[in-house]
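Have a look at the structure below, then the notes.
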Amino acid sequence: MADIPVQAFTPVTTEHRHFRAVLIGISVFFMVILLFAPLATIFATALSDGWKAAAEGISSPDALSAIRLTLTVAAIAVPLNIIFGIAAAWAIAKFDFRGKAFLITLIDLPFSVSPVVAGLALVLLFGSHGAFGTWLIAHDLKIVFAFPGILLATLFITFPFVARELIPVMIEQGRAEEEAALTLGASGWRVFRSVTLPNIRWALLYGVLLANARAMGEFGAVAVISGKIRGETTTMPIMIEMLYNEYLSVAAFSLASLLAALALVTLALKSLLEWRFAGQLAATRRH
Amino acid sequence: MYIDIDELAKEFGTSRALHPVSLSIPAGALVALLGPSGSGKTTLLRILGGLEFPTSGRVLFDGKDATGMSVQERRAGFVFQHYALFRHMTVFENIAFGLRARKRRERPGEAEIGRRVNRLLDLIRLPNIGGRYPSQLSGGQRQRVALARALAIEPRMLLLDEPFGALDAKVRKELRQGLREIHDTTGLTTIFVTHDQEEAMELADLVVVMSMGRIEQIGKPADIRSRPSSDFVRAFTAA
Ligand SMILES: Nc1ncnc2c1ncn2[C@@H]1O[C@H](COP(=O)(O)OP(=O)(O)OP(=O)(O)O)[C@@H](O)[C@H]1O
Ligand SMILES: [Mg+2]
């Protein structure tokens, strides 16, 4: 009897203090090497000739056009993928139907296929010698080496992000709350707006941020389908590569810094929202 | 409101959850659907509430065919087994939900909504919890909030799926009494699902014993005890 209280004070984790320090050390080491150092280098190189040179690097007409193109593509691709993602996750999580397993695999396809292959596939489909090529030419529609192609490639690549985030959350929450809302007289749209959406909003936000980061950063698929026409179909990542290959490192790295900064802003935004709504977040997660 | 169930059957794919069953429930009755797991109690209740549609047969409310009526039109106060409270809303907003969901013409004003919600909170004897979230309530409190939310829409009937299933024995007894009182004050036709025969016998005016998708016996608790219609009913209600 006397030795029971001793046991009661044993901590839940039994790892030795030194072992814990080693674990923390390893993670910090890799964070610095893999995340912090590269980012710091990009900003340092961009600023190696001073602020003015860096500013010129991102304000050349070609760079401006690349920035505009990247932002436009993201601004269209992300909302479309929010709609696709919610619809797909809703169908998978809340209904039983034949071919459900197949649909889940299909959603993951863009993750498993190399982006270059995806780009090539789109070129083969929509190029002048492709399956829809003659039809497209006859109707004077240009997809490959043009804006629609870049958008299609970006949509394909970013398709899984929103759906992937939502499916587990929606499955975990089940249908009961929606059914309760229906019995209380709410229309389908009202159920979606005031019950489903609030319950998935954090997963949705996270998926949107990931999709946005990828939409702005995608290189492989877009490189293949865009044809890299300077000032016309070059997105920011492609423009960065072109500048770098031309030994214009300051210009390349200033544009890279801007791209990285856009990603950091989205991350900061997410942290800010999480901090601001910490209480609500806890209330919806527990239960 | 009185309810007639006429040769109602339900199949899920190839499996039969409900063989054709018929049942008449008088207005204002407190009815227990009693049976072991998988006997089709929830299925029958969900069909009445409009959450599931029968493969064949009819449901009549006050003598009028309601088989194809939408879940919203039915105005059935439904209490779910695990309560299904809206986790991102406060207790107040949970109870107000049904009133806010009404068409603009029929929607009460903000002050009236507040009055009604507070009256319901008094009815369930939890006057001071309007500002809390469901995760901050005990199981018994959640159950009562779910009941208040269902009552807020001024339902035509009350349907409860194992309302006391997840609670300990002492709380069950209290809430049983609470349901009886609410039934008696509102006069609503009330149907609750249970697999606890003691609960069914003690609380209900009419007990419907179910087994494997069929109704085995319908009767007053005393009649079922003294004249069980089959060995199954005898064994199931003996415990
Ligand atoms: N959505 C569904 N799809 C397929 N089968 C179902 C579905 N819902 C219920 N069933 C089946 O119908 C039968 C009756 O189920 P029901 O949920 O009505 O039983 P119950 O009496 O409520 O049982 P319990 O006491 O365990 O809740 C069961 O065999 C069940 O497996
Ligand atoms: Mg059940």
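We did not get these values from a lab; they are worked out from the coordinates using the rules stated. Note that the coordinates shown come from a computational prediction; the quantities given were computed from them, not determined experimentally. We place every Cβ from the backbone using ideal geometry, glycine too, and count neighbours over all the protein chains shown.
Taking GluC sites (Glu not before Pro) as exposed when DSSP calls them loop (any state but H, G, I, E, B) and at most 16 other Cβ atoms lie within 10 Å, what is the longest stretch of chain A free of them, the sites themselves excluded?
Between the exposed loop sites, the longest stretch runs A:16-231.
Helix-only mean residue ellipticity at 222 nm, chain A, DSSP H runs n ≥ 4 weighted -39,500 (n - 2.57), per residue, nearest 500. What is it?
Computed mean residue ellipticity for chain A: -24000 deg cm²/dmol.
Counting Lys and Arg as +1 and Asp and Glu as -1, what is the net charge of the other residues whose Cβ lies under 14 Å from the Cβ of A:Y247?
With Lys, Arg at +1 and Asp, Glu at -1, the neighbours total -3.
Let's see if you can work this out: charge +1 on each Lys and Arg Cβ, -1 on each Asp and Glu Cβ, no other charges. What is the dipole magnitude of the protein assembly as shown about its Cα centre, in debye to the nearest 20?
Using only the charged Cβ atoms, the result is roughly 900 debye.
What ranking of A:T158, A:T134 emerges when the number of other C-beta atoms within 10 Å of each C-beta is taken as an exposure proxy, fewest first?
The order, fewest Cβ neighbours first, is A:T134, A:T158.
Based on the Cβ-Cβ distance of B:R225 and B:E7, what FRET efficiency does E = 1/(1 + (r/R0)^6) give at R0 = 25 Å, to the nearest 0.05?
About 0.30, to the nearest 0.05.
Considering Cα pairs under 8 angstrom that are at least six residues apart, work out the relative contact order of chain A and quote it in whole percent.
This gives 29 percent for chain A.
How big is the gap, in Å, between the Cα center of segment A:65-118 and the Cα center of segment A:148-188?
11
Calculate the FRET efficiency for A:T266 and B:K173 from the Cβ-Cβ distance with a Förster distance of 51 Å, rounded to the nearest 0.05.
E(calc), rounded to 0.05, equals 0.40.
If the label point is 7 Å along Cα→Cβ of B:S70, which residues in segment A:180-202 have backbone nitrogen under 20 Å from it?
A:180-197
Using only the alpha carbons, work out the radius of gyration and Dmax of segment B:64-137 in angstrom.
14.1, 42
Expressed in nm to one decimal, what extension gain is obtained for the pair A:H18 and A:L273 from 0.36 nm per residue of sequence separation less their Cα-Cα distance?
88.2 nm
What residues of segment A:169-190 lie in the reach of a label at B:R105, counting those whose backbone N is under 18 Å from a point 7 Å from the Cα along Cα→Cβ?
In segment A:169-190, the label zone of B:R105 (backbone N under 18 Å from the point 7 Å along Cα→Cβ) covers A:185-187.
To the nearest Å, what is the center-to-center distance of segment B:163-239 and segment A:217-258, using C-alpha atoms only?
That distance is 72 Å.
With a Förster radius of 45 Å, plug the Cβ-Cβ distance of A:L64 and A:A40 into 1/(1 + (r/R0)^6) and report the FRET value to the nearest 0.05.
0.95
What value does the protein assembly as shown have for Rg/Rh, both radii from Cα atoms and Rh as Kirkwood defines it?
1.11
Please rank A:D49, B:D161, B:D65, fewest neighbouring Cβ atoms within 10 Å first, as an exposure proxy.
B:D65, A:D49, B:D161
Per residue of B:140-151, how many C-beta atoms from partner chains lie within 10 Å of its own C-beta, taken as a mean?
Mean inter-chain Cβ contacts per residue within 10 Å come to 1.
Could you grab the relative contact order for chain B? Cα pairs under 8 Å, six or more apart, rounded to a whole percent.
In percent, rounded to a whole number, it is 28.
What's the ranking of B:186-197, A:16-27 by average number of surrounding C-beta atoms within 10 Å, highest first?
Put in order of decreasing packing, that is B:186-197, A:16-27.
Shape call for chain A from the C-alpha gyration tensor, a ≥ b ≥ c root eigenvalues: rounded (a/c under 1.5), prolate (a/b greater than b/c) or oblate?
Judged from the Cα gyration tensor, chain A comes out oblate (a/c at least 1.5, b/c at or above a/b).
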